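Data first, discussion second: the structure below is written as structure tokens.
The values are calculated or read from the model by the stated rules, or taken from the named source; none is laboratory data. Note that the structure is predicted; figures quoted are calculated from it, not measured. As a convention, Cβ positions derive from the backbone with ideal geometry for all residues, glycine included, and neighbour counts pool all protein chains shown. Heads up: the accessible areas ignore ligands, DNA and RNA and are worked out on the full protein's heavy atoms, side chains in. Shrake-Rupley method; radii C 1.70, N 1.55, O 1.52, S 1.80 Å.
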Amino acid sequence: MSSLSASICCGVRPTGGILGYPLDRIYEEVAYVAYHFHWNPELLMDMEHSERRRWVEEVAQINRRLNEEE
């Protein structure tokens, strides 16, 4: 029995990682941050998902503040 089959059989599931995060969503996040911060898309693609999402949120906060000032 493979280790995966054994872990499923025994009720143990592997943790960590993101399974099936949509590729189009990754490109959207990268484009958003690259556009606003002028960062290299390759740098953004290499980031961990959580770090990239954090930068997306930072850009969104900047945009919200700027829109409120107008």
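Some observations on this one:
- Matching residues in the stretch 45-62 - criterion: being part of a helix (DSSP H, G or I) and either charged (D, E, K, R) or modelled with pLDDT under 95 (or both): M45, D46, H49, S50, E51, R52, R53, R54, E57, E58
- Any hit, the stretch 18-39, residues being modelled with pLDDT under 75 and either among the hydroxyl-bearing types (S, T, Y) or in contact with a His (Cβ under 9 Å, 6 or more places away or on another chain) (or both): yes
- Test result for E68, part of a helix (DSSP H, G or I), open to solvent by less than 90 Å² (accessible area, probe 1.4 Å) and among the acidic types (D, E): no
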